[in-house]
Amino acid sequence: MTNQPYITCRQLIDFIADYLDGTLEASARREFERHLGVCPSCVAYLESYRRTVALGKAALKPTEDAPGPEVPAGFVAAVKRALVEQKPAT
């Protein structure tokens with residue numbers, strides 16, 4: 001155990017993206033994790049941040065209803081028009 005002061009919560013937040021990306025240098029990573037060991041608020045913040053990033057990535061994934069950006073908008077519009085034209089009148 002070290003007598004060195006812990007990094008602050010603000011410093012932890014400044015490093016959070018690098019920590020999750022795995023690009024935080026080893027000594028900074030140790031200090032980051034040491035802070036997490038004594039600060040339940042930062043542990044909760046880290047988990048919330050992880051969930052937010054995961055949800056953001058999931059929201060950007062193409063679905064059957066929303067084609068990816070590589071599909072030309074004109075093509076999508078033509079397919080939609082064709083589908084509307086094929087629907088039987090009620």
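Only the coordinates and a few stated rules stand behind these numbers; no lab work does. Owing to the predicted nature of the structure, the values given are computational and were not obtained by experimental measurement. Here the Cβ is made from the backbone with ideal geometry for all residues, glycine too, and neighbour counts use every protein chain on show.
Residue by residue through segment 37-52, note down the ones that are in contact (Cβ under 8 Å) with a residue 24 or more places away in the chain, under 20 Å from the mean Cα position of the chain (by Cα), surrounded by 13 or more Cβ atoms within 10 Å (Cβ to Cβ) and over 13 Å from A17 (Cβ atoms).
Start the filter on segment 37-52 by keeping residues that are in contact (Cβ under 8 Å) with a residue 24 or more places away in the chain, which leaves 38-39, 41-42, 45-46, 49-50.
Going one step further and asking which of them are under 20 Å from the mean Cα position of the chain (by Cα), we end up with 41-42, 45-46, 49-50.
Going one step further and asking which of them are surrounded by 13 or more Cβ atoms within 10 Å (Cβ to Cβ), we end up with 42, 45-46, 49.
Across segment 37-52, the qualifying residue is only C42.
State all residues of segment 1-36 that are among the β-branched types (V, I, T), in contact with a His (Cβ under 9 Å, 6 or more places away or on another chain) and surrounded by 15 or more Cβ atoms within 10 Å (Cβ to Cβ); if no residue qualifies, say none. It would help to see each step written out before you state the result.
Step one: list which residues in segment 1-36 are among the β-branched types (V, I, T), which gives 2, 7-8, 13, 16, 23.
Next, from what is left, pick out any that are in contact with a His (Cβ under 9 Å, 6 or more places away or on another chain): 7-8.
Passing the criteria: only I7.
Here is a list: A59, A82. Which entry is part of a helix (DSSP H, G or I), under 22 Å from the mean Cα position of the chain (by Cα) and exposed (fewer than 11 other Cβ atoms within 10 Å of the Cβ)?
Details: A82 fails: under 22 Å from the mean Cα position of the chain (by Cα).
Answer to the check: A59.
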